[in-house]
1. What 222 nm value per residue comes from the helices of the protein assembly as shown, counting each DSSP H run with n ≥ 4 as -39,500 (n - 2.57) and dividing by all residues, nearest 500 deg cm²/dmol?
2. Just A:48, A:273, A:73 to compare: in a GNM of chain A, with alpha carbon springs under 10 Å, which one fluctuates most?
3. Return the distance in nm (one decimal) between the two label points of a simple spin-label model at residue B:310 and residue A:297, each offset 7 Å from Cα along Cα→Cβ.
4. So what's the projected area for the range C:174-318, the Cα convex hull averaged over all directions, in nm²?
5. If you line up the long axis of helix C:241-255 against the longest principal axis of chain C, both from Cα atoms, how many degrees apart are they, to the nearest 10?
6. Is the shape of the range C:278-424 best called rounded, prolate or oblate, per the rule: a/c under 1.5 gives rounded, else a/b larger than b/c gives prolate, else oblate, with a ≥ b ≥ c the square roots of the Cα gyration tensor eigenvalues?
7. Can you give me the C-alpha center-to-center distance between the range B:80-98 and the range C:270-303, rounded to a whole angstrom?
8. Taking the Cβ of each residue in C:281, B:38 as the centre, tally the other Cβ atoms inside 10 Å and list the residues starting with the fewest.
């Protein structure tokens, strides 16, 4: 006991620093977590309030999870979610880092600033509006793409009915919306790189590309690894708007656009079951969590410094 | 001497040789270039590529602006067009008719963004700094504590209960600020910045000189990590500015509705009417005057422009060459 | 590490307990039961609609009146249309304390089954006596869930009647005889003429091909009772010949270009006031054509696609339910009783204050003043009994009589009053809903060939457990039916 008190005293500055944040986390994140137990219950409302409702609801074990696994569709949505996210992580990382580096190397700083502001705009556009744009390009009647094809005498394509193009469309749209925001962290990081490293590299005769390869990239490595690990944690989650609004909820495309989040949303439309939606969330979180632990463990073995924890 | 590769600047090599390499007009032209920069051709190509990227990002927004000036009838008949058949200020008239509500929403949004960002940055920065210090015995625990919340959340209803029943914040402005203050993602990023940008040796020397941890934080750490802090501040600002869901849950009072929520409300109301046409017809008097699509776009314009314009304010922290008080090892 | 974990859990639990205790005290101290001792009970009422500027003003009047009559006051909050679904669900699930909440359709059924609403059968006998008498019995019967009543339906049209509505100008121009239009197929010759001669008009304003069944959920889901023949057995309507026939017709229309190409995914609501369509489908009520023509600013004329039919959906379009978390259900019922039977109160809540928001004419009809549209525009359909509402100056005099006729002439659906409990087959339903959303829009708008896609659809449904659900529905239906006798 004495040992603990002594430790607390020694670390008092740090503990004070984490105090506000910790209280917040306990209140807003950990306290509500008890609600996860609903994933295993059949929710019924009790006049005495939420706690009574939770306690008095019937325990149903894994029942609420069944719909996520029981059909062919279940396999499809899992596959879609996983593959898209893997692509997003890899392609997203490359795009964000590349963009950040290019922006920082541009000679004309003012131009660079203009570009930076521009690429951030898609971040502000909600997918509801974003889907309108995609529509103006892909609409069968008046869409710009079909008009463009018409110039070359190629037949119009009914975009919203052909699933084979959509993986590309989705990845493209994801990049479009995300690269601006994603590059910010890297940009800020590049700014913090000590100039002397570059100078030393130049003295050694390194070309621009070599400088990037041996100075910039290694300095960005910790950030890249951390962000990737965090993204792996969300590997079973999806950007709902991207998979629901952009394809305009077209049934013909479900085989390539239905992901766990959209499946859950649609599936529960006629059911309104809070137990099932909680179960889906828990499932996604649990998988992500396990993957993160594994990934972090591997990273820790390779390079202790770069690991998340 | 390294072999001259494509795009490689001979000037770099010449500085390493300590002399200007003569011979060939190509090299002579390069005499006046800054050795730190790229080959101008490469620069040009990259500039064009980035320009195309920037254009594809801006273009939809310009489109939004155009649509907001299109007449509603034209939209219904012809869909969205680049050059509308009929221009109209209807959407903006409609917005002007709601100007009280709009100004109020602007006010709410600005308030929660500024206050929220300040509180957020402080909380996050302190937390992240503490867990970045090797001397802090419990840092691994608190890192995990924060990170775990990124993956597992309590869910909508339990959080709602904490906010409304425990904290009694329903229909207050704090309900718009507090639920968003902490974000594990930002904490981890900030921690990475702290780990990287601050080396222990500087801190050690400061400690030996007798500085307290707080002084160290404000006088040394803070300036050094400005890019990181600016990043978090930017993310935080964007987060508060764009948030519409919090208000949907916790706010009933129209006086406390922030900007994006207003936009989303209009959007959602129209969607509701679209799906419940029988109700829509009965409430026709309510909806007769709304120029649906163009008004939505107009709202996007006025909701996005301010924040987009304020971005350059943060940007000056992201352009290299502006490191503050560089510390040389 | 483990030790710290326990410390953490202890921390969280202690914070949680403290807060629960605090909020517990708060709850009991702020809500007063209100009794005959003079303290009026405050009724918390959540209903749908865009919050209006003059609500406080109007409710001051309301509360003055209520305090006298029943010693209660009402605190009404409106939740905007688009926010309604999400917000009401969270509020109900979190066990928030309030008295009345608006609800409808499947939300009503699900919440009733979850135990969110109070069963008010007894209250209706006591505090709600007059109310019970004033409401159309078909409505009260139709909204029973598991044999109990869980809300007060708004007394208005109780039946649905799907109609084909035509652009009258075009009908007159080409001298179409629409009196013989009964089915989808009957539209053909007219559609052909329009397509050939009116390039700026889309013949069909996208609608789903009408299949007349008594649906357990909605037209997208493959569970329905037939109106003719064996009305006691639930079937998958998409397996019937009728469905194949109708969808084939729809598909031929699509191929002929009578529908827009993006019919399956279109979100276009075809606003009435844009004249770019020939025929559309809608839900009729007495004098609907008048209403529609008014909003379109040109004439439209409707032809029925079916008899007026009373189905679960049509009776549950607007319900005010008493929450199970209400602290004084008796007083609340007294209020609802008054709201639905007292014309003064009903019109006050609906239209606002006389002289400020509307003016009364000599013959008893009313006219809106500008203040009403600006500051107190309430969704009448959601608030209660229509039959005691004042008529507008240009409303037909016999408006409410016609409504009564409409309701009385309606055919009752086989499953009226039967509300399926989805619990036993939740998983299957989740999959089936996804499948329906995949196939139904394209099939119903004729965008794909039913010869190819209907079998695919049905096959997938079977694989997802269609039969199991059908069995369960049948089982519950049989139980319900026998308990009716």
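Bear in mind these aren't lab numbers, they're just calculated from the coordinates by the rules spelled out. Since the model is a prediction, treat every value here as computed from it, not as a measurement. Heads up, the Cβs are rebuilt from the backbone with ideal geometry, glycines too, and the neighbour counts pull from every protein chain shown.
1. Mean residue ellipticity, 222 nm, calculated: -17500 deg cm²/dmol.
2. The residue that fluctuates most here is A:48.
3. That separation, rounded to one decimal, is 4.5 nm.
4. 9.9 nm²
5. Relative to chain C, helix C:241-255 is tipped by roughly 70 degrees.
6. Since a/c reaches 1.5 but b/c is at least a/b, the shape of the range C:278-424 is classed as oblate.
7. Each part's Cα centre sits 26 Å from the other's.
8. C:281, B:38
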